[in-house]
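None of the figures in this text is laboratory data; all of them are computed from the coordinates on show. This one's a predicted model, so the numbers in the text were calculated from it and none came from an experiment. Note that each Cβ is placed from the backbone with ideal geometry, even for glycine, and that neighbours are counted across all protein chains shown.
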Amino acid sequence: MGLGMSDPLHDDRGNRDRSITNPAGQGAPLPGHRGRARPAPGGPFLIGDAMTGGYGRGADILHGCTIAVDRGEIAVIVGPNGAGKSTAMKAVFGMLSLREGAVRLDGEDISALSPQDRVKKGMGFVPQTSNIFTSLSVEENLEMGAFIRDDDIRETMEQVFDLFPILREKRRQPAGELSGGQRQQVAVGRALMTKPKVLMLDEPTAGVSPIVMDELFDRIIEVARSGLPVLMVEQNARQALEIADKGYVLVQGRNAHTGTGRDLLADPDVRRSFLGG
Ligand SMILES: Nc1ncnc2c1ncn2[C@@H]1O[C@H](COP(=O)(O)OP(=O)(O)OP(=O)(O)O)[C@@H](O)[C@H]1O
Ligand SMILES: [Mg+2]
């Protein structure tokens, strides 16, 4: 069991996802889902709730910012440069201390946990920068990703190779020699090696061509379809909102707009300010 890559996509993705329309906020169990599909009475599966805080003793960057993702969903965070998207992701991952607000995973308050302990709880995080070891081979990068595991990681590695076949081909090559899109695959693969319960991606398509972007989005959809919720920041706002069950527009550390991907794409304010009309 695992990433569910053997499970083809049967139906459409996007805003018609049942987990959005279901008032209980609970998607139906997906084939290949690793966890039991339980109702989440405490809210979304992963939530950074009303987060306020900044770096060290600096000024607050986040001001009551909320981002969340539920089971079976892709949630997308968009907004201008410097809006605090990466900061919000880092806050959810435990890389800055919050003055207010909380982070909850599957109903449990994990606000006090270190990033490493959050990984153990099931968070997989791909940061925006420095997300691979360039001097290590592809395979070594994936092995490093599995650092918290002491069981056999070969099956998971095979699943990652099934998801990203080019990585199997280049497994012995230094990751630094790969193309931008391939490096991003290594970074996502590395995060998948912990067998996370939720995947957090900060600009997984940064710096890649439109074709490679489409391809990466397809793989991300595939991952989400396998039952792994995906919370991601995206610079390609329009394309990302098209595949988003839920979208957040952040501006200056605050939630400016929240809705289904479809709602946000149709919102004249959002279109004018963030999608180029
Ligand atoms: N390590 C840091 N220490 C201090 N301030 C930081 C740090 N990282 C980011 N900032 C500041 O926090 C604010 C939000 O930055 P952040 O990187 O979260 O924005 P972003 O929305 O991810 O932008 P981008 O679209 O460029 O990735 C900016 O004013 C930035 O200068
Ligand atoms: Mg960023």
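Ranked by how many other Cβ atoms sit within 10 Å of their own Cβ, fewest first, the residues 161, 133, 125 fall in the order 133, 161, 125. So which of 170/246; 197/246; 120/170; 90/121 end up more than 23 Å apart by C-alpha? In this structure, 170/246; 120/170 exceed 23 Å between Cα atoms.
Rg over Rh for the range 174-277 works out to 0.99, both radii taken from alpha-carbon positions and Rh defined as the Kirkwood radius. Each semi-axis of the equivalent ellipsoid for the range 43-274 is √(5λ) with λ an eigenvalue of the Cα gyration tensor; in descending order they amount to 28, 21, 16 Å.
As a rough footprinting exposure proxy, the listed residues 121, 197, 85 were ranked by other beta carbons within 10 Å of their own, and the order from fewest upward is 121, 197, 85.
Label positions at residue 263 and residue 215, each projected 7 Å from the Cα along the C-beta direction, are separated by 3.5 nm. What whole-number distance in Å separates the alpha-carbon centres of the range 199-217 and the range 63-87? First find each Cα centre; the distance between them is then 16 Å.
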